[in-house]
Amino acid sequence: MSSIWSTFWRARTCRGNNWFLDTNPAPSGIQSVRKRLEEFSPFVAIECAGIGALVDHEGQPQNFFRRILRTRNFSGQIDDLLAMKRFPDLILISIGHNNVDWAWRCARSELEQPENRLLQLSGRLQENFARQTRQLIDHARTQRHRVAIVVYCLVNFESYFRGREIAERLQADDASRYPYLETACKYLTSFRPAYRSDLVRLAKMVNEELRAIVRELIENLAIT
């Protein structure tokens with residue numbers, strides 16, 4: 001993590017330099033998915049994702065921060081894909097991490113007893129994700145070329161927080177280490193120690209639902 005302004009600047013200027021799309025020449029560049037696939041066949045890649053994106057409901061307004069970063073939420077990303085003249089051969093979906101920031105704008109009563117909020121957030125994400133992914137698959141089936149859609153689960157937050165706790169202990173012994181360690185807690189309320197365990201719980205719930213959604217979509221494709 002870096003300072004807030006540094007993160008903001010990189011989000012605006014470094015778009016595309018990531019594990020999926022990076023095109024910088026070796027050895028400085030990332031050995032991205034795009035580069036690896038180009039070793040087998042010509043491959044054109046685009047990126048619809050953006051920092052802070054949410055699995056949302058169609059027509060849901062984006063806040064000022066996301067508009068400034070030119071972020072497209074999931075419904076907007078799907079719209080971009082459906083509007084393309086040449087529909088992609090490969091689509092990677094990795095989204096939902098910002099949806100599990102359950103403590104963001106959370107009432108005090110829910111912070112103390114979060115069970116209902118976690119269930120509501122999980123159910124809403126499941127509903128929106130399934131509907132929009134189904135729309136994407138329906139459009140993909142109309143194409144004359146083969147299309148592959150790969151859906152990633154959320155990261156293992158339990159392991160992430162174990163590593164973060166090690167960094168926090170090291171920083172407690174030496175304040176010069178990891179100077180921007182707390183920046184993430186300014187972006188994501190649920191990263192604060194008091195709320196981490198419920199973030200981990202919510203992420204596990206979401207991952208189970210994502211697996212169930214993908215299984216259902218595959219079964220429906222097999223039937224039809």
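Modelled spin labels at ALA184 and SER159, positioned 7 Å past Cα toward Cβ, are 1.4 nm from each other. Between SER6 and VAL150, residue separation times 0.36 nm minus the direct Cα-Cα distance comes to 48.7 nm.
Springs between Cα atoms under 10 Å define the GNM used for the chain, and in it the highest mean-square fluctuation of SER109, SER122, SER32 occurs at SER109. Think of a 1.4 Å ball rolled over the protein heavy atoms: the chain then has 62 Å² of accessible area per residue. Extension gain for LEU111-GLN31 works out to 24.7 nm (0.36 nm per residue, less the C-alpha to C-alpha distance). The charge dipole of the chain, taken about its Cα centre with unit charges on the Cβ of Lys, Arg, Asp and Glu (plus for the first two, minus for the last two), comes to roughly 540 debye.
When the solvent-accessible area of the chain is split by element, carbon and sulfur atoms take up 54 percent of it, the probe being 1.4 Å.
A simple count of charges around LEU118, restricted to other residues whose Cβ falls under 10 Å of its Cβ and scoring Lys, Arg +1 and Asp, Glu -1, yields -1.
For the chain, adding -39500 (n - 2.57) for each run of n ≥ 4 DSSP H residues and dividing by the number of residues yields -15500 deg cm²/dmol at 222 nm.
Comparing ILE91, ILE30, ILE78, which has the greatest mean-square fluctuation in the GNM of the chain with Cα pairs linked when under 10 Å apart? With Cα springs under 10 Å in the chain, the top fluctuation among ILE91, ILE30, ILE78 is at ILE30. Relative contact order for the chain: 21 percent, from Cα pairs under 8 Å spaced at least 6 residues apart, divided by residue count.
Among ASN98, ASN63, ASN128, determine the one that fluctuates most according to a GNM of the chain built with springs between C-alpha atoms less than 10 Å apart. The residue with the greatest mean-square fluctuation here is ASN63. Between GLU38 and LYS85, the simple spin-label model (points 7 angstrom out along Cα→Cβ) gives 2.2 nm.
Evaluate E = 1/(1 + (r/R0)^6) for ARG169 and ASN18, where r is the Cβ-Cβ distance and R0 equals 30 Å; express this FRET efficiency to the nearest 0.05. Between ARG169 and ASN18 the formula returns 0.50.
The values are calculated or read from the model by the stated rules, or taken from the named source; none is laboratory data. Here the structure is a predicted model, which is why all the values come from computation and not from measurement. Cβ atoms come from the backbone with ideal geometry, glycine included; neighbour counts cover every protein chain shown. Note: accessible area is taken over every heavy atom of the protein model, side chains too, but ligands, DNA and RNA are not part of it. Shrake-Rupley method; radii C 1.70, N 1.55, O 1.52, S 1.80 Å.
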